[in-house]
1. Can you tell me how many residues in the range 27-71 are aliphatic (A, V, I, L, M), outside any helix (DSSP H, G or I) and crowded, with 22+ Cβ neighbours inside 10 Å?
2. Given PHE131, PHE147, which one is more than 30 Å from ALA16 (Cβ to Cβ), at pLDDT 95 or above and either buried (at least 24 other Cβ atoms within 10 Å of the Cβ) or out of contact with any strand residue (DSSP E or B) (no Cβ under 7 Å at 6 or more places or on another chain) (or both)?
3. Residue by residue through the range 72-120, note down the ones that are among the small types (Gly, Ala, Ser) and assigned to a helix (DSSP H, G or I).
4. Go through the range 160-184 and give me each residue that's more than 20 Å from PHE131 (Cα to Cα) and either over 15 Å from the mean Cα position of the chain (by Cα) or surrounded by 24 or more Cβ atoms within 10 Å (Cβ to Cβ) (or both).
5. So in the range 231-264, with the set limited to residues that are under 22 Å from ASN35 (Cβ atoms) and touching a Phe, Trp or Tyr at 6+ places or on another chain (Cβ under 9 Å), which one is surrounded by the fewest Cβ atoms within 10 Å (Cβ to Cβ)?
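The values are calculated or read from the model by the stated rules, or taken from the named source; none is laboratory data. Small disclaimer: the values here were computed from a predicted structure and weren't measured. No Cβ is skipped: glycine too gets one built from the backbone with ideal geometry, and neighbour counts run over all protein chains shown.
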Amino acid sequence: MKFILKGWDTMSKDFAKGAGDLLENIRNKSPLIWNFSNFVSMDIAANALLAVGASPAMAHAKEEASDFSQICKAINGALTINIGTFDPYWQECALEAASLANKNSVPWVLDPVGAGASGFRNKNVEELMKFKPTVLRGNGSEIMAVFGIAGGGKGVDSTSSSNEALDAANAIANKNNIIVAVTGETDYVTDGKTTYAISGGHEMMTKVTATGCALSCLIGAAIAVGENKLLSTASIISIYGLAGEMAAKVAEGPGSLRMHLLDNLANLSPSEVSENANIKNV
């Protein structure tokens, strides 16, 4: 598929300025992000949210779902659900949380980790999608698996590029009236009508477990405070990629990259984001 950039010089600068404004907004409002994360990603996801100025709550008990849903509704928070280490109990709890988010108009993010790798994961995705996530975020293989395409998925790694998965992302967005973010060498965010391409990040980020999961939680922070959910999703992906690029310049390997990624998320200024974010309308 070939893309034609629309109004690159002017519009991209406006998008970058919007990304800087979003970061400032997150820090000013410190939204509560209620996370059904997985065992692998809880730590980095919570720390990434703290680094950008959000307030993470890692709560998985079904008995808490109603309370957290009401809190998020009252203070304009968001929910994120990650299926990476589900078991039948977590499945039940997540479905309850998604149902309540849908009922209470709480924006929420679904991360279909490893979709296509097992029937259990596919069933989880199928059931959760019924509750209309605000944003579906996955790698190319995961997005193609959600669409029902044999995309060569192998667990949580992606064997399909984000570019290859864009048609599937558009189809999912149109059918379900949601936003789909497909991340890879180039990241794409679409609602089926408007698509943004984001460049940034570094290949070393793929050597640090749960960096994608952490991004899904950051998308939760973005859609909690941003009125334009589509552009807010693209903006936080750009911010994350910029922090990753900066981290890779000083990191000696994946271990120190993780540390520097969190540092840069905390230390990035809105003006730096406005000057360097790379978001294009395609």
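1. Quick first cut of the range 27-71, residues aliphatic (A, V, I, L, M) only: 32-33, 40, 42, 44-46, 48-52, 54, 57-59, 61, 65, 71.
With outside any helix (DSSP H, G or I) added as a condition, the list becomes 32-33, 40, 54, 57-59, 61.
The next check asks that each one be crowded, with 22+ Cβ neighbours inside 10 Å; those that pass are 32-33, 54.
So the count comes out to 3.
2. Details: PHE147 fails: at pLDDT 95 or above.
Answer to the selection: PHE131.
3. Quick first cut of the range 72-120, residues among the small types (Gly, Ala, Ser) only: 74, 77-78, 84, 94, 97-99, 101, 105, 114-119.
Selection gives ALA74, ALA94, ALA97, ALA98, SER99, ALA101, GLY119.
4. The initial filter retains those residues of the range 160-184 that are more than 20 Å from PHE131 (Cα to Cα), namely 160-167, 183-184.
SER160, SER161, ASN163, GLU164, ALA165, LEU166, ASP167, THR183, listed by residue number.
5. Initial filter on the range 231-264 (under 22 Å from ASN35 (Cβ atoms)): 232-241, 243-244, 258-259, 261-264.
Filter once more, keeping what is touching a Phe, Trp or Tyr at 6+ places or on another chain (Cβ under 9 Å): 233-235, 237-238, 261.
Working: THR233: 30, ALA234: 32, SER235: 30, ILE237: 27, SER238: 29, LEU261: 29.
The residue in question is ILE237.
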